[in-house]
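Student: I'd like to ask some things about the structure below.
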Amino acid sequence: MQLFAKLDEEWAAVARSPSGRAALGRWAASHPILGGFADLADVIEFVHRRNQAVANDRVHLALVELALGDALAARTMLCAVQPGLIAIARQYRDLDGDPEELPAFVVAAAWERIRSYPVRRRPSHVAGNVLLDTRQRVTRTVGRHRAELVGLAACGDCQPAVAGPGDDAGVHLRLDLDVARRRGVLNERDAHLITSTRLSGCTVTSHAARRAEPVARLRQQRLRAEAALGAFLSEPN
């Protein structure tokens, strides 16, 4: 994930810079908790230490309060939660053809949350809340995206396949079907029905003829299977 490497490079140029130290001095005037740090790198080193949750939370709270009107404070907070953002991006890293698309969305969602954090309503567990809100937004977006791939809409015989076997959507749908089958969400019969009629160009009518089964029954079977798959793919884990 090259985006996070670029963020690290960018941060290295700012963390110990004179402008960063000057900003820290300004912040300390209204937020004394920030007064004991030498520079912004010192702030990040502090909040990444373990076994000091209360102290870290006080620093995070000061940063998000400042971030409402200060982009550098927001950037500092983004660096503070970056390990958690990397974990979120890794959870969904195989969703898109472009490997940098999802990390960029994760960072953008976190940035928006930091710049609009509800300080008065949620003044504690700040870093955890930022990550939770970011994860929830990513999960909702991913759920919508993958439900679209499954294609839960109409299922007429003349409907085009959801995706061709060679494009990204088709590849992801095949992978999703395999995972759902191994997890017990779909059986072999249902997975094969979706693959043949959604990816391989086979109509429900021709599929029913080969199985010597009623067309209406297979349509209902596919509808139930796709609904189960869509619900499974929308779950965060």
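The values are calculated or read from the model by the stated rules, or taken from the named source; none is laboratory data. Bear in mind that the values here come from a model prediction, so they are computed numbers and not experimental data. Every residue, glycine as well, gets a Cβ built from its backbone with ideal geometry; the counts of neighbours run over all protein chains shown.
Student: Leu85 is checked against (1) closer than 28 Å to Thr141 by Cβ; (2) without any contact (Cβ under 8 Å) to a residue 12 or more places away in the chain and fails just one. What number does that condition carry?
Tutor: It is condition (2) that Leu85 fails.
Student: So for segment 71-81 (the condition being among the hydroxyl-bearing types (Ser, Thr, Tyr), part of a helix (DSSP H, G or I) and surrounded by 12 or more Cβ atoms within 10 Å (Cβ to Cβ)), does at least one residue qualify? Before you say what the answer is, go through the steps one by one.
Tutor: Filtering segment 71-81 for residues among the hydroxyl-bearing types (Ser, Thr, Tyr) gives 76.
Next cut, part of a helix (DSSP H, G or I) only: 76.
Now restrict to residues that are surrounded by 12 or more Cβ atoms within 10 Å (Cβ to Cβ): 76.
Within segment 71-81 (the criterion being among the hydroxyl-bearing types (Ser, Thr, Tyr), part of a helix (DSSP H, G or I) and surrounded by 12 or more Cβ atoms within 10 Å (Cβ to Cβ)), the answer is yes, since at least one residue qualifies.
Student: Quick check on this structure: which one of Asp133, Asp168, Asp190 is under 30 Å from Ala104 (Cα atoms) and modelled with pLDDT of 75 or more? Before the answer, list the steps.
Tutor: Numbers: Asp168 fails: modelled with pLDDT of 75 or more; Asp190 fails: under 30 Å from Ala104 (Cα atoms).
Criteria check complete, one pass: Asp133.
Student: Kindly establish whether Val14 is in a helix (DSSP H, G or I), assigned by TED's automatic domain parsing to the domain that holds Glu112, at pLDDT below 95 and of a type outside the set (D, E, K, R). Steps first, answer last, please.
Tutor: Numbers: in a helix (DSSP H, G or I): yes; assigned by TED's automatic domain parsing to the domain that holds Glu112: yes; at pLDDT below 95: yes; of a type outside the set (D, E, K, R): yes.
The answer is yes for Val14.
Student: Still on this model: If you check Leu68, Leu61, which single one turns out to be assigned by TED's automatic domain parsing to the domain that holds Leu7 and either crowded, with 19+ Cβ neighbours inside 10 Å or on the phi > 0 side of the Ramachandran plot (or both)? Please lay out each step first, then the result.
Tutor: Working: Leu68 fails: either crowded, with 19+ Cβ neighbours inside 10 Å or on the phi > 0 side of the Ramachandran plot (or both).
Selected residue: Leu61, the only one of Leu68, Leu61 that is assigned by TED's automatic domain parsing to the domain that holds Leu7 and either crowded, with 19+ Cβ neighbours inside 10 Å or on the phi > 0 side of the Ramachandran plot (or both).
Student: For residues that are over 16 Å from Trp11 (Cα atoms) and touching a His at 6+ places or on another chain (Cβ under 7 Å), tally how many sit in segment 27-57. Outline the logic, then answer.
Tutor: Start the filter on segment 27-57 by keeping residues that are over 16 Å from Trp11 (Cα atoms), which leaves 27-37, 49-57.
Okay, now just the ones that are also touching a His at 6+ places or on another chain (Cβ under 7 Å), so 57.
Of the residues in segment 27-57, 1 are over 16 Å from Trp11 (Cα atoms) and touching a His at 6+ places or on another chain (Cβ under 7 Å).
Student: Taking only segment 209-228 into account, find how many residues are over 35 Å from the mean Cα position of the chain (by Cα), over 12 Å from Arg189 (Cα atoms) and of a type in the set (Lys, Arg). Can you show your working first?
Tutor: Step one: filter segment 209-228 for residues over 35 Å from the mean Cα position of the chain (by Cα), giving 209-217.
Adding the requirement that they be over 12 Å from Arg189 (Cα atoms) leaves 209-210, 212-217.
Filter once more, so that each one left must be of a type in the set (Lys, Arg): 210, 217.
Within segment 209-228, residues that are over 35 Å from the mean Cα position of the chain (by Cα), over 12 Å from Arg189 (Cα atoms) and of a type in the set (Lys, Arg) number 2.
Student: Would you mind telling me which numbered condition in (1) out of contact with any Gly (no Cβ under 8 Å at 6 or more places or on another chain); (2) modelled with pLDDT of 75 or more; (3) among the charged types (D, E, K, R) Arg144 fails?
Tutor: (2)
Student: Would you pick out the residues in segment 19-32 that are under 13 Å from Leu61 (Cα atoms) and exposed (fewer than 15 other Cβ atoms within 10 Å of the Cβ)?
Tutor: Result: Ser30, Pro32.
Student: Right, another one. Any residue that is surrounded by 15 or more Cβ atoms within 10 Å (Cβ to Cβ), in contact with an Asp or Glu (Cβ under 7 Å, 6 or more places away or on another chain) and at pLDDT below 95 - is there at least one of those in segment 87-102?
Tutor: yes
Student: Could you say which residue among Val119, Val43 is hydrophobic (A, V, I, L, M, F, W, C), modelled with pLDDT of 90 or more and in a helix (DSSP H, G or I)? Full working, then the answer.
Tutor: Working: Val119 fails: in a helix (DSSP H, G or I).
None of the others qualify; the one that does is Val43.
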